[in-house]
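Please read the structure below before turning to the comments.
Nothing in this text is a laboratory measurement; each read-out follows from the coordinates by a stated rule. Every value quoted in this text rests on a predicted model; they were computed, and no experiment measured them. Glycine gets a Cβ as well: all are built from the backbone with ideal geometry, and neighbour counts include every protein chain shown.
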Amino acid sequence: MGELLALDDVDVSFPGGVHAVDRVGLHVRAGEIVALMGPSGCGKSTVLQVAAGLRAPTSGTVTRHTDRIGYVFQDPTLLPWRTTRRNVELFGELDGLPRTERRARADRVLTAVGLAEFGHVRPARLSGGMRMRVALARALLVEPELFLFDEPFAALDELTRHELGDELLRLFARHGFGALFVTHSAGEAVYLADRVLVMSPRPGRIVGEVAVPFGYPRPPELRSSPEFAALVGSVSQTLVRAS
Ligand SMILES: Nc1ncnc2c1ncn2[C@@H]1O[C@H](COP(=O)(O)OP(=O)(O)OP(=O)(O)O)[C@@H](O)[C@H]1O
Ligand SMILES: [Mg+2]
């Protein structure tokens, strides 16, 4: 399958001298989900921002083979004065998508994330999990080929996290995008990803990679299987060795 994203030898230093990211190389192909893990402050969000084109690397190269990128921030960052539907339409508006097309897409993605009946409601009246779904729908509206997530489920309870993870895998099965996501949960990484990349403490380098052998679709029962537990254990050990 085609390559969507390539970071080669990417270094990021911030003004003031913080060396955040050290010669990171990572590639994402279409139809692949890659998880990025590592200790707090090691440069994961910075890598994701560089991947999205929101931040330029200090050196190294970034190649994106698509400009249809969906980005989900750690915080849902919804506009409180806009309804759910108008929040979802936001990037379509910025892209100059005609109103009828925007509306049709908003209906489709709101249905896909299970919020068809909440289009007219403002964010203040939604739960945390529902707001996260709105952020997912907003990113899907651009029909992304490359999906980037920064710990989108971190603030949610375990059940909601599992539900949204399954939702995400269904969307992945339907749309076949490539994805790169940051998580602090080894279980979430193994359940969702094909590959788990592990970074060292700052300056973050990629020091480990764990391949996940389970195919898609992944049944929720996978989470309680011994094979799953063993792999989560090996990712956790890689993290410990890296730090
Ligand atoms: N705009 C900035 N200016 C200066 N330093 C920054 C800036 N953004 C991030 N840093 C520093 O770069 C390092 C990497 O930050 P980053 O946010 O990428 O870490 P992270 O791995 O995402 O951490 P966490 O898991 O806590 O979210 C940190 O030490 C942080 O203090
Ligand atoms: Mg971060």
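Among the trypsin sites (Lys or Arg not before Pro) within the range 39-92, not one is in coil by DSSP while having at most 11 neighbouring Cβ atoms inside 10 Å.
With a sphere of radius 11 Å drawn around the Cβ of Y191, what net charge do the other residues whose Cβ falls strictly inside it have (Lys, Arg +1; Asp, Glu -1)?
Details: positive: R161, R218, R223; negative: D166, E188.
Within the 11 Å Cβ shell, the charges total +1.
A compact globular protein would have a Cα radius of gyration near 2.2 N^0.38 Å; the ratio found for the range 118-224 is 1.15. Near G208, the amide H atoms lying under 5 Å from its own belong to V198; only residues 5 or more places off or on other chains count, and H is placed 1.01 Å from N. Simple point charges give the picture: +1 on the Cβ of Lys and Arg, -1 on the Cβ of Asp and Glu, and for the range 148-225 a dipole about the Cα centre of about 300 debye. Along the range 183-195 the Karplus relation, 6.51 cos²θ - 1.76 cosθ + 1.60 evaluated at θ = phi - 60°, assigns HN-Hα couplings of 8, 9, 9, 4, x, 5, 4, 5, 5, 9, 9, 7, 9 Hz to successive residues, with x for each Gly and Pro. If r is the Cβ-Cβ distance from H175 to S40 and R0 is 30 Å, what FRET efficiency results, to the nearest 0.05? My answer for the efficiency is 0.45.
By DSSP, the beta bridges lying fully in the range 129-223 are antiparallel in about 50 percent of cases.
Could you compute the FRET efficiency for D95 and A155, with r as their C-beta to C-beta distance and R0 at 25 Å, rounded to 0.05?
Calculated transfer efficiency: 0.30.
Find out how many positive minus negative residues lie around L79, taking Lys and Arg as positive, Asp and Glu as negative, among other residues whose Cβ is under 13 Å from that of L79.
On the way: positive: R82, R85, R86, R122, R131, R138; negative: D75, E89, E93.
Taking every Cβ under 13 Å from that of L79, the sum is +3.
Subtracting the Cα-Cα distance of D9 and A56 from 0.36 nm times their residue separation leaves 15.6 nm of extension gain.
What residue among L97, L171, L231 has the largest mean-square fluctuation in a Gaussian network model of the chain, using Cα springs under 10 Å? Checking each option, the largest mean-square fluctuation is seen for L97.
Neighbours of H175 by Cβ distance under 9 Å: Lys/Arg scored +1, Asp/Glu scored -1, total -1. Sequence-ordered 3J(HN,Hα) estimates for the range 161-177 from the Karplus curve with 6.51, -1.76 and 1.60 and θ = phi - 60° stand at 4, 5, 4, 5, x, 5, 4, 4, 5, 5, 5, 4, 4, 6, 9, x, 6 Hz, glycine and proline given as x. Take every DSSP beta bridge whose two residues both sit in the chain; close to 50 percent of them are antiparallel.
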